[in-house]
1. Mind running the shape call on segment 467-507? Use the C-alpha gyration tensor, a ≥ b ≥ c as the square roots of the eigenvalues: rounded below 1.5 for a/c, prolate if a/b tops b/c, oblate otherwise.
2. Based solely on its DSSP helices, what 222 nm [θ] is calculated for the chain when runs of n ≥ 4 H residues each add -39,500 (n - 2.57) and the sum is averaged over all residues, nearest 500 deg cm²/dmol?
3. With all distinct Cα pairs included, what does the Kirkwood hydrodynamic radius of segment 815-969 come out to in Å, to one decimal, could you say?
4. Show log10 I(q)/I(0) for segment 552-709 at q = 0.12, 0.17 Å⁻¹, two decimals, from a solvent-free Debye sum over equal Cα scatterers.
5. Taking neighbour counts of Cβ atoms within 10 Å as a proxy for exposure, in what order, fewest first, do Ser737, Ser218 appear?
6. Give me Lys866, Lys20, Lys877 ranked fewest to most by other Cβ atoms within 10 Å of their Cβ, as a rough exposure proxy.
7. Taking segment 10-79 as the region of interest, what is the percent of Cα-Cα pairs per 5 angstrom bin, listed from the shortest bin to the one with the maximum distance?
8. What Rg and what Dmax come out for segment 694-817 when only alpha-carbon atoms are used, in angstroms?
Amino acid sequence: MGSVVARWTGREARALREAKRMSVREFAAHLGVNDAAVSNWERRGTDARLRYDTQQLLDTDLTRSEPAVAERFVLILRSDGGDEPADPPAERTPSTGTDRFGARSGQRTAVLLETARTGTAEPGYRPDGAAVEAFRQFLDSPSRAFALAGRSGSGKTLLTRHLADVLSGQADFQFHSCSTWAVPDAGLATEILRYASVPGGEDPLLSLEEASAGLRRSCVVIIDGIDTEEQLTGVGRQVDGVLRQAASDRLRFVVVVRTPPAVDVSAFPVLAASTFGPAARPSVPSYVMRRWTPAEAREQWERNQSPEQPAFTELPHALQALVRTPLYLRMLHGSEGARQVGGEPGASNAFRLVDHCVRMVLTRARQDVEPTMDRLAELACDEAPEIMPRALAESPPRPNRAAAVSPAGAPVPALVERETGGRERFAHGVFRDYFLAVRIADRMIARGRSAATIAAFNELADRAGRSAAARGVFDFVVCALDRHAPDFIELLALAPSIGLETALPMLLETAASNGNLASPHVLRTCADRCSQAPTSRLARALLAAPPLTEALADRHAPWVVQQLRTHGFGIWDDVARHLEHALDVRVSARVLDCVDFDNAEEAAFLARHFDLFAGAHRDDVKVLPRLLRHLDWRVRAALAEALGGPRVLGDGHVRLIVERLARDDDYKVRAAVGRAIGAAGPAVDLAHVRALLADGNWHVRERTLRGVLSGPREPLPDRELADTVVASIAGDGSWRSAPAPVAKLLTRLRLLHGDHAGERSALDGTALFELLRETRTGWIELPGELERALIARGHDSARWLTVREAHAARRRESAASAREAYRKRRGRRSVQVALDVHDLDRAIEIATAAAEAGVDFIEVGDPLIKRVGVEAVDAVKRHAPEVAVVAEMMSADWGRDQVELAAEAGADVVLLIGPASIASVSAAVGAARRLGVVLTLDAPSRHVDPSWLRDMERAGIDGFVVTTNIDLGVGGTRPLAAARTIRACSELPVAVSGGFGIADDALTGSADWDIAIVGRGVAEAVTPADMLHRLTALIHTTHHGTRS
């Protein structure tokens, strides 16, 4: 039919019900909603604005209706005094109401910035240029969320104010803070609308959807003050919900998160998929505020230095380190206390600086310091009651301290702000952390040596592992104890009941980063405990303590080697950093003396980090030959990997290693040398490169090509190396029969090297497809001239998928939005038809009918792929180009290769059946991100538990699939029960298969799935087209619960 409803209201819903000759109850049952929802729509008439998924439901129902029903629908609307539905305009002209949303947001923000100029007008404020550039790129990208992370005082809030000020001509901004919300109860949509003085109506989420649809430029909602796990969960869930409902790409979010711990939004699928960042690192924040370098800190110090303040070089080293954090530099400048803080006994650290500034502020304000400190400590406890350990919530009065004054004390503007209504809150989170830490430390000291004190410290450490605010308090508690009761640090560290997994390692980490507060006796005792009760985190914390070498003395080297033997590869980098920071060749020599060269793992550590030991031993001339001749190939391969490591080996060592290992008897060692060629530098003799390219093993040749492509100019190859490759291969006839993956890699090198004039191989289109797709996903960035040349070459390709990719690249279409769209399938009803057939012609017939019937996904099953190859995916995609094609790839290994094969054949979604380890899934996720395809994972019943599901979420998959073994028949598992368990633990969409058909009430009556996979019910139907139309009509109109 020709009628289209631009926006469904209660009026159109009632007209459709009457056209179908149904009662309210019958219509509700037909749609799968409750009676009250339909009655509510009709009662509100044109004021009823229906949710997006409800409108989709009604669209589908109207489209599937008989022509007579459609004609009655139009007549009823006309007789009701309105116009019949019309095609929506090509470009919506927003109403006055929606026009005002962005403008009012910008106006209010401009007033706020003018009133509180502490950010943008602060003297000498210098924004992080890299952060500003990253944010500009975000505004130019299709991403809708930006995660800004950093430690307390790193300048996150100042940066957001600066961005709102300097980019006000490009976007409108809103400012929100978690510190003023009751996070679990706060309605984000309501807060956003209220900011712009837009009424929320009966459903604020729908109102926000309508308001954002009329935005003429980006409106960026900044949510600051996220410093607890609870706040991140509350904000993440609500932003995720808004992104699902409000489809406008002009409504964007910035979430400002305090660290540590690390930011993890993987539990919020749409937010995670929408967050701006490097495609190669999908799990990291969009930008992490870093500390200034020493040179930048010196420049900032001298920029605002007053005549009476010391020069930067005259500051104690501890203060020079402190002022690399913007907040602490401002404190030192503002307090004029650099000499006082640096001259106090004990270590100079952030706590002592804040303590000095707080007391100076109170003294200047003519406040009674101790009573006011007590009042502010109570305020801190009120702001963050969850941080106070339970054992310290009620504590005896502290000795020799004045009683606290009433909460209505005199205001302290530098430390506390008054909100509307008179409520006080701290001007910066660091002040809350300070006062809460002082209160906790005082109560611990008052309780003294007791089991309750240790229990309280363990509890605080556990919370600090999950909350940035609690971690800030924990660090200040340790510093406060060091200042007021130094023996308490030793009491805690040596207590038998202190937590070895969290509390003790965290104590040592804080001690090391705040002036080496742990005594040599404490370090020695902790080293003993680490050996008695092995825990890798405690070992890492000790290795990060600078005084460890002196504290352990002669025991140091044996202890380090023992940690290598106990914890293995997982602690290699920590040991390497420890030795590197020691800056003492004698330390490396002693460790070398303790290493057992016959132990392959210990020798492999030496080889991988050989740069730390080169020149460290009197017999150094014999160390490298011993490693080069080691009987275990892993040791020799580790030495090859050292060529591409972060540290630099001398040219002499590089030449010797390459010369010897490029001729090694084991192909795996030669391959390791080839992989490091690009990073090894100019010391490598090109003759060895040519030898590796002529190697008798294709794996060695393939690794060498990857090494050439992985040099400092990546993704572009080093020109001299690339010239060597092209010249070597030209005279070697064996390359004409190279395996397909190797030939594709060679073609990629030639394309990136600019060799476009040569003869085109059969794999030219595939390699070109990958390069064009990687530019669209943001995985690589090419020079403009080269990118245009590749697009032009793609247009002339004989491969239809490559031609299509070239057109998309020319139109600058992003390939990164597929993940977000798939994740939005959660809570909706979608149909996936599995082509469980062995004949390609039959598969194409079913796929064509499926596309005409309006299915959402067409799955090319494993049996067809095994019989025909991945060409089956290509053929199905060619005949159904507008439908998302799923490739079912069964492999417990090589997940990355499976994803590449499917994506190159035109798959939009890859379903992996087999891989379950984090390592294999992570590799597959990387390939999926690079090639812009959705990755779903089979969830075997033995793995369906919260821990495994959460690990897979963090790895980055886009959905779960519950498959049923068809050979089990009636004895098979219950897929809907498994789907219910998954949905209870994850917000990702869940697809289910289980021999479902149109008569399956278990499926249509269940709310435990998002995508129904139907195979044999369609594939073996006599008339698949009829079955497909009935199936899609049934599934698309099956919604449960109230959808208004």
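All of the numbers you see were taken from the coordinates with simple rules; none came from a lab. Keep in mind that what you see is a predicted model, and the values were worked out from it rather than measured. Counting neighbours? That spans all protein chains shown, and the Cβs are built from the backbone with ideal geometry, glycine included.
1. Cα axes put segment 467-507 in the oblate bin.
2. Taking each H run of at least 4 residues, the total per residue is -16500 deg cm²/dmol.
3. Values: mean 1/r = 0.0640 Å⁻¹.
In segment 815-969 this quantity evaluates to 15.6 Å.
4. At q = 0.12, 0.17 Å⁻¹ the computed log10 ratios are -0.50, -0.94.
5. So the ranking, lowest neighbour count to highest, is Ser737, Ser218.
6. Numbers: Lys866 11, Lys20 17, Lys877 24.
Least to most surrounded, the residues fall as Lys866, Lys20, Lys877.
7. All Cα pairs considered, the percentages come to 3, 17, 30, 30, 16, 3.
8. 14.4, 44
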